[in-house]
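The values are calculated or read from the model by the stated rules, or taken from the named source; none is laboratory data. This is a predicted model, so every value here is computed, not measured. In this analysis, Cβ positions are derived from the backbone assuming ideal geometry, glycine residues included, and neighbour counts consider all displayed protein chains.
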Amino acid sequence: ALISLRQLLDHAAERGYGVPAFNVNNLEQMRAIMEGAHHTNSPVIVQASAGARKYAGSNFLRHMILAAIEEFPHIPVCMHQDHGASPASCQRSIQLGFSSVMMDGSLLEDQKTPSSYDYNLDVTRRTVEMAHACGVSVEGELGCLGSLETGQAGEEDGVGAVGTLSHEQMLTDPEEAADFVKRTGVDALAIAIGTSHGAYKFTRPPTGDVLAIERIKAINARIPGTHLVMHGSSSVPQEWLAVINEHGGDIAETYGVPVSEIQEGIKHGVRKVNIDTDLRLASTGAIRQFMAANPSEFDPRKFLKASIDAMRDIVIARYEAFGTAGNA
Ligand code: G3H
Ligand code: 13P
Ligand code: NA
Ligand code: ZN
């Protein structure tokens, strides 16, 4: 059944678990997520970015998510728009039947330039007014996502600020969060606490403390009724990097957010954990591996099946690690 983000995260808060929010662009990702949810009896958040709508087409995406709900009627599914750039784009997703939208007003409409606080308040408040009238939840964002180690926002061509960020920009202020939530009425708030989008988060193996856990605690204490969201939460599995590089790939040394750090975040109020890169890496690795082992094979279903299986295993691991399993 289709459920809103507020419904799902209220349940998660009551029981103290976190929910991974996986990005979806194609049938293989959708099947991997639903098979993993079915296997572990987990509720689902699938999210579509502007890039996903451009790649698959809005109608294909929408019907793919609806098909998943039809095929797995026992699994609650939240259909979420990732990184909405304007109230108008959120309105379009609401019309398409999404049960939750993110209005990312931490950046201007180009989704590259950090915005003013007043701009963020204005676009987010307008989105909440519109969405809540339709029973749709809203996620806002306050602060600039960026790696505290590298000072970089992450992906060059994807979502995120361009250039080097200051330490203060990369940490959401708890007092500002309290004011923002009070004045916008958002259901969930994405916070900047040291993560960044994409595969290149950290240059050295993390030795604990990659997240600003004290900051998470302080924000959570100020906005207990609003669910915390962590973007850029891929763990960048070293075993998949090795598979890719052993089969013709060329990905530089890089590290993600350890699952144990995410678990610590969940203990202190993080409820939605955004993951895209990990499924991309598993998919690419599985396809490269299959192609190398089966050079005469040319039926795409064979290598795409390998990709589904690899993504499904990551999905299952995250549902189990975040305590989502058993809560469908
Ligand atoms: O926030 C970024 C997500 O990983 C979506 O990436 O904009 O390339 O679809 P995308
Ligand atoms: P990753 O790039 O770490 O997977 O983060 C995805 C994300 O935050 C989508 O909004
Ligand atoms: Na931001
Ligand atoms: Zn994000």
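Quick notes on this one:
Yes/no matrix, rows are residues, columns are (1) of a type in the set (G, A, S); (2) more than 16 Å from ligand 2 (Cβ to nearest atom); (3) touching a Lys or Arg at 6+ places or on another chain (Cβ under 9 Å):
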position	(1), (2), (3)
H80	no, no, yes
H83	no, no, no
G97	yes, yes, yes
V123	no, yes, no
T127	no, yes, no
G143	yes, no, no
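- Looking only at the range 198-215, and only at residues there that are within 16 Å of ligand 2 (Cβ to nearest atom) and touching a helix residue (DSSP H, G or I) at 6+ places or on another chain (Cβ under 8 Å), the one that is nearest to A13 (Cα to Cα): L211
- Counted residues, the range 58-83 - those being away from ligand 3 (no atom under 16 Å from the Cβ), surrounded by 14 or more Cβ atoms within 10 Å (Cβ to Cβ) and polar (S, T, N, Q): 1
- The range 1-45, residues that are in a helix (DSSP H, G or I) and small (G, A, S): A12, A13, A32, G36, A37
- Within the range 262-278, one or more residues are modelled with pLDDT of 95 or more, among the hydroxyl-bearing types (S, T, Y) and within 16 Å of ligand 4 (Cβ to nearest atom).
- Search result, residues across the range 165-201 that are hydroxyl-bearing (S, T, Y) and surrounded by 21 or more Cβ atoms within 10 Å (Cβ to Cβ): T172, T184, T195, S196, Y200
- Screening the range 216-234 for residues that are of a type in the set (A, V, I, L, M) and assigned to a helix (DSSP H, G or I) and picking the one that is surrounded by the fewest Cβ atoms within 10 Å (Cβ to Cβ) gives A221.
- Output for the range 48-84, where each listed residue is among the hydrophobic types (A, V, I, L, M, F, W, C) and in contact with a Gly (Cβ under 9 Å, 6 or more places away or on another chain): A50, I65, L66, M79
Per-residue answers, yes or no, for (1) under 18 Å from T184 (Cα atoms); (2) more than 16 Å from ligand 4 (Cβ to nearest atom); (3) in contact with a His (Cβ under 8 Å, 6 or more places away or on another chain):
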position: V46; (1), (2), (3): no, no, yes
position: N59; (1), (2), (3): no, yes, no
position: H83; (1), (2), (3): yes, no, no
position: S100; (1), (2), (3): yes, no, yes
position: Q111; (1), (2), (3): no, no, yes
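- Residues satisfying the stated conditions in the range 229-261, i.e. of a type in the set (A, V, I, L, M) and more than 14 Å from ligand 4 (Cβ to nearest atom): V236, L241, A242, V243, I244, I251, A252, V259
- Pick from the range 216-273, criterion more than 25 Å from A177 (Cβ to Cβ) and charged (D, E, K, R), ranking: farthest from the chain's Cα centre (by Cα): E246
- The condition of being within 16 Å of ligand 4 (Cβ to nearest atom), of a type outside the set (D, E) and either under 22 Å from P206 (Cβ atoms) or touching a strand residue (DSSP E or B) at 6+ places or on another chain (Cβ under 7 Å) (or both) holds for only one of L148, L165, that being L165.
- The helices (runs of 4 or more DSSP H) located wholly in the range 235-307 that include 2 or more residues which are touching a residue at least 40 places away in the same chain (Cβ under 8 Å) and farther than 30 Å from R6 by Cβ occupy 238-246, 277-293.
- Restricting the range 166-207 to residues that are away from ligand 3 (no atom under 13 Å from the Cβ), of a type in the set (S, T, N, Q) and out of contact with any Lys or Arg (no Cβ under 7 Å at 6 or more places or on another chain), the residue that is nearest to Q152 (Cα to Cα): S166
- Residue in the range 200-221 that is of a type in the set (S, T, N, Q), touching a Gly at 6+ places or on another chain (Cβ under 6 Å) and within 16 Å of ligand 4 (Cβ to nearest atom) present: no
- Here A212 passes the criteria (1) more than 16 Å from ligand 1 (Cβ to nearest atom); (2) surrounded by 24 or more Cβ atoms within 10 Å (Cβ to Cβ) except the one numbered (2).
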